[in-house]
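Any read-out appearing in this document is the output of simple, stated calculations on the displayed coordinates, not a laboratory observation. Here the structure is a predicted model, which is why all the values come from computation and not from measurement. Positions of Cβ are backbone-derived with ideal geometry, glycine not excepted, and every protein chain shown enters the neighbour counts.
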Amino acid sequence: MSTTRVYEENIRDLINRPGEMRERSRELIVPEKLGEGLAEVRAGERMDLDVRLESVHEGILVSADVSTTVHAECGRCLKEFATPFQVEFQELFAYTPTEADEYEVHGDHVDLEPPLRDAVVLALPFQPVCRPDCPGLDPESGELREAEAAESPVADVDPRWAALAGFKADEEPDADDESASVSK
Ligand SMILES: [Zn+2]
C-alpha cells in the first residue's frame, strides 16, 4: 500500500460487472518525486491522468495516460531544464492475484501508484540533453561551446580536416592527458 491516496481510483461500481467501463480524467499534484537519476518528476508538479477502467472477469484492467513535466540536468552542459513528459501503461488489477498478476484490487479501489511509478521511471531519459544539438562544455575551459558549435556544426566538418585534427593531436601530446598516467 502506498502512503498516499492521490493515485487511487474507486472501482466500486465496476466490481464483478464484466463489460462495464469507466473513463476518468483528472489533474493531481505529485506527492513525492518520481525518478532517482538526472531526470525526475518533482514533488508538487502538476500531473494530468487519463484513466480507462474496464471490468473483466479476473479484475479491473487499467489503461492510463500520464502527462507531466520532467526536470533534468543536461548530460552534456550540466544545465537544468524542464521538458514535457508523457507515458502510458496498462495493467490488470486482479481480485484474486496469482503469481502472474502483479497488482490486486483492494476493497473498492485500485492503487495506480506502483505501476505508474514503474512506467514513469522506466520512461525517464537515462542521459537527458537540454536540446538534441547541445554542444556541451569545452573540455579545457569548462565553458559552454556555444559560438563554436554555431559556426561549425560537427556534422559539417570536412573529413580531411578531421583527419588533420587527429594528426595534430598525435604530434602534440597533451601534458595533462590523464591516459598517460594510467598507461603501463
Ligand atoms: Zn545541454
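Suppose we keep just the DSSP beta bridges with both residues in the range 8-123; what percent of those would be antiparallel, to 5?
Roughly 95 percent of the DSSP beta bridges within the range 8-123 come out antiparallel.
For the range 1-154, which semi-axes, largest first and in whole Å, follow from the square roots of 5 times the eigenvalues of its Cα gyration tensor?
So the three semi-axes of the range 1-154 are 41, 13, 13 Å.
Could you give the length gained on full extension between Glu104 and Leu78, defined as 0.36 nm per residue of separation minus the Cα-Cα distance, in nm? Don't skip to the answer; put the middle values down first.
Details: separation 26, 0.36 × 26 = 9.36 nm, distance 4.12 nm.
Length gained, Glu104 through Leu78: 5.2 nm.
With a cut-off of 8 Å between alpha carbons and a minimum separation of six or more residues, what is the relative contact order of the range 3-89 in percent?
Numbers: 171 pairs, mean separation 21.4, N = 87.
Rounded, it is 25 percent for the range 3-89.
At what distance in nm do the modelled label points of Phe126 and Arg52 sit from each other, each positioned 7 Å from its Cα along Cα→Cβ?
Distance between the two pseudo-spin positions: 3.0 nm.
Convex hull volume of the Cα atoms in the range 4-49, per residue, in Å³?
107 Å³
Once phi is turned into θ = phi - 60°, what whole-Hz ³J(HN,Hα) does the Karplus curve with 6.51, -1.76 and 1.60 give for every residue of the range 80-92, x standing for Gly and Pro?
7, 8, 10, 8, x, 9, 9, 8, 10, 8, 9, 9, 9
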